[in-house]
Amino acid sequence: MENNGGRLLDIVDIIIKKRENVELTKEELEYFVQSYVKDEITDYQAAAFIMAIAINGLTDKEIVNLTLAMANLGETVDDDFIRENVIDKHSTGGVGDKVTLILMPLIASVGVPVAKMSGRGLGVTGGTIDKLESIPGYNTRLSTHDFINQVKEIGISLNGQSENFSPADKKMYALRDVIGCTDSIPLIASSIMSKKIASRNIKNSSRCNLW
């Protein structure tokens, strides 16, 4: 991949640029996301890059471009499902998972469909999916097709993130956990919103043309 100046992009240059707190281009962020998913960038290089983000942050423009780069990879949910009045909720994390497991059934009980893809634990506490997997027989690995059908049939589904759904976020999510970067607000924001955008199949629409 080349940048706007025609020069081939290099992960070391991108790491140095973010280390020096210089704003990254859309092409540089897309290069990182795509190359990391393809295993063309090593975990130690990705860790250095993520740590530089955690220390120096991202501009609003960088957050948008990183989010869309992550959303533009992997599966999306079909349009027919999106047109329905389906509710979702998400938090920035915390201890206890006190809201999801109570709020979702309550909303579904009054006839409003609820669909949520949850993650595993970051930091000291297990995530929603970790807790649900402790229940014998609870399947947190539904395919996208089964996930949609469950919402249509019973009005609620709480599922884990599939391998092909926002794969860049899945890899970065796990890496942040082991390098002490779970509380980086730009990375939290891009992680959450990339999944929401992909799950509503609006990643390439004009609604995402923010910059």
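Among the criteria (1) modelled with pLDDT of 85 or more; (2) outside the structural domain of Ser194 (by TED's automatic domain parsing); (3) over 30 Å from Phe147 (Cβ atoms), the one Ala47 does not fulfil is (2).
Residues are listed down the side, and each one gets a yes or a no for (1) crowded, with 18+ Cβ neighbours inside 10 Å; (2) β-branched (Val, Ile, Thr); (3) under 21 Å from Met193 (Cβ atoms); (4) touching a Leu at 6+ places or on another chain (Cβ under 6 Å):
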| position | (1), (2), (3), (4) |
| --- | --- |
| Glu23 | no, no, yes, no |
| Leu29 | yes, no, yes, yes |
| Gln34 | no, no, yes, no |
| Tyr44 | no, no, no, no |
| Phe49 | yes, no, yes, no |
| Ile55 | no, yes, no, no |
| Lys61 | no, no, yes, no |
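Restricted to the stretch 97-120, and to residues there that are in a loop (DSSP other than H, G, I, E, B) and in contact with a Gly (Cβ under 9 Å, 6 or more places away or on another chain), the residue that is modelled with the lowest pLDDT is Asp97. Set side by side, the residues Glu75, Glu23, Glu28, Glu84 differ, and just one is modelled with pLDDT under 95, farther than 23 Å from Ile129 by Cβ and touching a helix residue (DSSP H, G or I) at 6+ places or on another chain (Cβ under 9 Å), which is Glu84.
Look at (1) surrounded by 14 or more Cβ atoms within 10 Å (Cβ to Cβ); (2) modelled with pLDDT of 75 or more and you find that Ile135 fails only one, number (1).
The values are calculated or read from the model by the stated rules, or taken from the named source; none is laboratory data. Values in this document were obtained by computation on a predicted structure and should not be read as measured data. Neighbour counts are summed over all protein chains in view; Cβ atoms, including those assigned to glycine, are modelled from backbone coordinates with ideal geometry.
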